[in-house]
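Participant: Before I ask anything, let me first share the structure, which is written out below as structure tokens.
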Amino acid sequence: MKKIFFAGVVCAVSFGAHAQGYFGVIRALTNVGFTCAPGDSCESKGQAWKFYGGTKLSPARTIDFGVGKIDAVEVSYFRTSAATASGPTQVDDFDSFGNIVQRDTTAKVKAQVDAIVLAGVARFPIVDQLSATAKLGLAYVSTTLRSEVDGLSYNSVTQTKLRPYVGLGVEYDIPSICTIVGSFDITRVDVSDSSRYYSAQAKGNLKLLGIGAQKSF
């Protein structure tokens, strides 16, 4: 997936040839649409790193609509930390006489998301050096559910789909240094795992709220 990201950055820069490029890093808090059985433990919050690069469009390709303009194409990659769901289950075990018995234990499912996003970027000036941004595009989302019982992995399911992507943000430019960025990103996840020991589903919105820095080149 990282190879796809770097290829996308190259394509974005090529699309805006002779224009200004930029790259950035954001640290974000995340919330994954994770569904648990009633009474089970479910932690849908986590963290993510987001890396992105893009290019400002040439004046001939910029779309100006008065209050703002679409002036960049951007490619980003992010990976979330694992959201978790856990609940009671039973496994086969042996008693002191060698007979098979059922033993109560806990099953855990971890959900991790990787995504590559291609989006157009619109900027809306607010005051000097401060602007708002809106991003719209497609996300190539890969969601993996990994299941564990007694700390041992027993199953893994991955679902990869194209999903719509929307991003909102603010940018404060510090001339000759960098641009401070605040961002909110949203896309969707959809994967389920119904195994012998435990069933879980990650389906719904994936949200990222973060802050970082951006540098032009």
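Participant: Distance cut-off 18 Å, Cα to Cα: go down the list Lys161/Lys203; Lys45/Lys135; Lys45/Lys161; Lys110/Lys135; Lys45/Lys203; Lys50/Lys108 and report the pairs above it.
Facilitator: Lys45/Lys135; Lys45/Lys161; Lys110/Lys135; Lys50/Lys108
Participant: What FRET efficiency do you get for Ser58 and Leu136 if R0 is 25 Å and r is their Cβ-Cβ distance, rounded to the nearest 0.05?
Facilitator: The value I calculate is 0.80.
Participant: Still on this structure, please answer the following. Could you tell me which of Leu162, Cys178, Val121 has its Cα farthest along the dipole of the stretch 94-187 towards the positive end, charges placed at Cβ (Lys, Arg +1; Asp, Glu -1), taken about the Cα centre?
Facilitator: Farthest towards the positive pole: Leu162.
Participant: Pop out the ³J(HN,Hα) list for the stretch 55-72 in order, Karplus 6.51 cos²θ - 1.76 cosθ + 1.60 with θ = phi - 60°, rounded to Hz; leave Gly and Pro as x.
Facilitator: Residue by residue, the stretch 55-72 yields 9, 6, 6, 5, x, 5, 9, 6, 10, 9, 10, x, 6, x, 7, 7, 10, 7 Hz.
Participant: Oh, and also: May I ask you to derive the FRET efficiency for Asn99 and Ser156 from their Cβ-Cβ distance with R0 = 25 Å, giving the value to the nearest 0.05? Display every interim value, and only then the final one.
Facilitator: Values: r = 31 Å, r/R0 = 1.26.
Step by step, r from the Cβ atoms, then E = 0.20.
Participant: Under the rule a/c < 1.5 gives rounded, and otherwise a/b versus b/c splits prolate from oblate, where does the stretch 98-212 land using the Cα gyration tensor?
Facilitator: In terms of gyration-tensor shape, prolate.
Read-outs throughout are calculated quantities, based only on the coordinates presented, and are distinct from any laboratory measurement. Computed from a predicted structure; not experimentally measured. Glycine also receives a Cβ, built like all others from the backbone with ideal geometry; neighbour counts cover every protein chain displayed.
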